[in-house]
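Enquirer: Quick one: the structure is below, questions incoming.
Computed from the coordinates by the stated procedures, all read-outs in this text should not be read as laboratory data. Quantities reported herein were computed from a predicted structural model and do not represent experimental measurements. Glycine gets a Cβ as well: all are built from the backbone with ideal geometry, and neighbour counts include every protein chain shown.
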Amino acid sequence: MAAPRVRIAPSPTGFFHVGTGRTALYNWLFARRHGGVFILRIEDTDTERNREEWVDGIVDALVWLGMEPDEGPYRQSERRARYQAALDTLWDAGHLYACECTRDAVRARTASNATPGYDGLCRERGLPREGHALRFRTPADGETQVHDLVRGTVTFRHETMEDFVVARSNGEPLFVLANIVDDRDMKITHVIRGEELLPSAPKAILIWQALDASGEGEAGEGEAGWGEATDLPAWAHLPMLVNEKREKLSKRRDAVAVEMYREEGFLPEALRNYLALLGWSPPGDQEKVPVQVLVESFALEDVNHSPAFFDVKKLSHMNGEYIRDLSVEDFVARVRPWVDPATERGAGRWVPESAAPPPWPEERFDAEVFGRLAPLVQERVATLAEAPGLVDFVFLPEPVTDEASWDKAIGKDPGAAGLLDAAIAAYEGTEWVAGALHAATLAVGEQAGRKLARAQAPIRVAVTGRTVGPPLFESLEVLGRDEVLRRLRAALGRIRGD
RNA sequence: GGCCCCAUCGUCUAGAGGCCUAGGACACCACCCUCUCAAGGUGGAGACACGGGUUCGAACCCCGUUGGGGCUGCCA
């Protein structure tokens, strides 16, 4: 295959949608697989809804996911002259006509029609182009076939296609027109996009062919004209991503922002790997595979036809696997991305890309202490954002006591006070390392006729505030004898009612 | 309503006529490991929507039914 040129064409109307991410990934994989070019094009013809800052978000998200565009971002807003030229050509060749019908008027006229859609009222009225919406004359007979790499050939009969609008009455081009002019100019070879765009493919083909047939040799000012026949791109319509109700993922209802997953501590390589699985699968029984394997084995022909549910649970599990694959050093660096070498302190950020401050006063943080707990934390989290909650008791002046935990392990345990007492006595004299603390606690438990599991529970809650957390004895070791004893005595004080 | 797409465990999928007693993964259940929680290990339950064909033989091919979804904007 000659080097393909593919593109993603998001419109900057909000955050980066996971569906756009999946489409971008398949485009990117295809480009990498065949030594092609991956292009980013911003479709910002709808000036009322587009905002420039969203463009940065799109680029950031792509870079974060490891799919930096080879070309672009191009912007449709900078290419108005090209669309006007195309409109001129189409108008001059008679493919377009001006229309002044409002949507409501059309609806009122056609409500009882067997085949709804625009009824062609303005078709032969000869309205002037200025100030009117422009419609494309679809042929009355025949059909247009879309040769789709994932779905095969899809046929649309022209009689079922209405005369669609290609330009607004203010002269601005619409999606179908701008999109196709860009794909021609940018020499796009494969249009890989969501299935919801399949119905617009025959319209695109009609425009494409009209442009091919019109305005022979009209190339002016060094620009390519429309007379040269250009190869139609190959189409590939990907299955949609849906929610649990099997509806198209919606920005309103569903958690679809890549930025959100990023802030919650999902790893880009994990998200990318998971996204690849939505509509396709790598060879063999392995789902968690290096990106290189994805690139080497990806094929549009193997893409599924049916919609895929975006399952956060499965994403989380895979993310946990990726986290556990990290070296401890990498894990620490990912959780806490930047540390001032002079002060050994972070910059207030914890979870990688989140602006959220840590749950403890930053000056109480100790990188060395965190490093000791890190391996224990690493195998217990599915996302990076869960990490601070597992170590907060170490850096907080006082543990945040979960009352349900207190009630369960201490409140309802008549022997808790005695056990804490005994633990204090034992901890005062023991060597302060995890192994010795383990042995000492075991002994305290035996004295009280308890197994370790029951003996450690009140101690854990007294010291960390919760019944769950990293292994207790390592936690105690890191906290230090004085602080542990202080917390145990404080708990005792609370039990005895102060 | 019209046009179009889709249909294997709850979910993501493997399966390209005999390899299928339908495989893997997430979730779920049980057990093991274990200082809690995880992680890990072992095992379990769990699907070819339905009806007709074609064929010696169908999850795989064809037709229909049913069900779901998308589009039907002077949004993209």
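Enquirer: Can you compute the modelled spin-label distance between residue A:481 and residue A:102, with each label point 7 Å from Cα toward Cβ, in nm?
Expert: The modelled label-to-label distance comes out at 8.5 nm.
Enquirer: Using a/c under 1.5 as the rounded threshold, could you call chain A rounded, prolate or oblate? The axes a ≥ b ≥ c are square roots of the C-alpha gyration tensor eigenvalues, and prolate needs a/b larger than b/c, oblate otherwise. Please report the intermediate quantities before stating the final value.
Expert: On the way: a/c = 3.13, a/b = 2.86, b/c = 1.09.
Prolate, because a/c is 1.5 or more and a/b exceeds b/c.
Enquirer: I need the GluC sites (Glu not before Pro) found in the range A:413-481, filtered to DSSP loop residues with at most 14 other beta carbons within 10 Å of theirs. Could you put the intermediate results ahead of the total?
Expert: Details: sites: A:428, A:431, A:446, A:474, A:477; in loops: A:431.
Here the sparse-neighbourhood loop sites are A:431.
Enquirer: Now a separate question. Work out, step by step, the length gained on full extension between residue A:496 and residue A:121: first 0.36 nm times the residue separation, then minus their alpha carbon distance; give nm to one decimal. Provide the component values of the computation, followed by the final result.
Expert: Working: separation 375, 0.36 × 375 = 135.00 nm, distance 8.80 nm.
That works out to 126.2 nm of additional length.
Enquirer: Now, a different point. Evaluate E = 1/(1 + (r/R0)^6) for residue A:288 and residue A:432, where r is the Cβ-Cβ distance and R0 equals 51 Å; express this FRET efficiency to the nearest 0.05. Can you show the working numbers first?
Expert: Working: r = 40 Å, r/R0 = 0.79.
For R0 = 51 Å, the calculated efficiency reads 0.80.
Enquirer: Would you please classify the overall shape of the range A:1-82 from the alpha carbon gyration tensor, given that a ≥ b ≥ c denote the square roots of the eigenvalues, rounded means a/c under 1.5, and beyond that prolate means a/b larger than b/c while oblate covers the rest? Mind showing how you got there, number by number?
Expert: On the way: a/c = 2.43, a/b = 1.42, b/c = 1.70.
Oblate, since a/c reaches 1.5 and b/c is not below a/b.
Enquirer: At most 10 other Cβ atoms within 10 Å and a DSSP loop assignment: could you name the chymotrypsin sites (Phe, Trp or Tyr not before Pro) in the range A:277-314 that fit? Can you show the working numbers first?
Expert: On the way: sites: A:280, A:298, A:309, A:310; in loops: A:280, A:298, A:310.
Counting only loop positions with at most 10 other Cβ atoms within 10 Å, none of the chymotrypsin sites (Phe, Trp or Tyr not before Pro) in the range A:277-314 qualifies.
Enquirer: Could I ask something else about it? Would you please give the FRET efficiency between residue A:448 and residue A:356, computed as 1/(1 + (r/R0)^6) with r the Cβ-Cβ distance and R0 = 35 Å, to the nearest 0.05? Don't skip to the answer; put the middle values down first.
Expert: On the way: r = 41 Å, r/R0 = 1.19.
The pair residue A:448/residue A:356 has a calculated efficiency of 0.25.
Enquirer: For the range A:9-72, which GluC sites (Glu not before Pro) are both in a DSSP coil and crowded by at most 14 other Cβ atoms within 10 Å?
Expert: Details: sites: A:43, A:48, A:52, A:53, A:71; in loops: A:43, A:48.
In loop regions of the range A:9-72 (DSSP not H, G, I, E or B), the sparsely surrounded GluC sites (Glu not before Pro) are A:48.
Enquirer: A further question follows. Could you calculate the FRET efficiency of residue A:328 with residue A:468 from 1/(1 + (r/R0)^6), where r is the beta carbon distance between them and R0 is 25 Å, rounded to 0.05?
Expert: Details: r = 22 Å, r/R0 = 0.87.
Calculated value: 0.70.
Enquirer: Kindly point out, ordered by number, any Cys in chain A whose beta-carbon has no other cysteine beta-carbon under 4.7 Å away.
Expert: By the Cβ distance rule, which asks for a partner under 4.7 Å, the isolated cysteines are A:101.
Enquirer: Roughly how many nanometres apart are two label points built 7 Å out from the Cα toward the Cβ at residue A:140 and residue A:60?
Expert: Between residue A:140 and residue A:60, the label points sit 5.5 nm apart.
Enquirer: Quick check on the range A:448-498: take the gyration tensor over C-alpha atoms, sort the square-rooted eigenvalues as a ≥ b ≥ c, and tell me if it's rounded (a/c under 1.5), prolate or oblate. It would help to have the intermediate numbers written out before the result.
Expert: Values: a/c = 1.76, a/b = 1.12, b/c = 1.57.
Because a/c hits 1.5 or more and a/b fails to exceed b/c, the range A:448-498 counts as oblate.
Enquirer: Taking residue A:313 as the anchor, which aspartates and glutamates have their alpha carbon closer than 16 Å to its alpha carbon, excluding any fewer than eight residues away along the same chain?
Expert: A:244, A:254, A:264, A:287, A:321, A:386
Enquirer: Could I have the simple spin-label model distance between residue A:244 and residue A:402, label points 7 Å from Cα toward Cβ, reported in nm to one decimal?
Expert: Using points 7 Å along Cα→Cβ, the separation is 2.2 nm.
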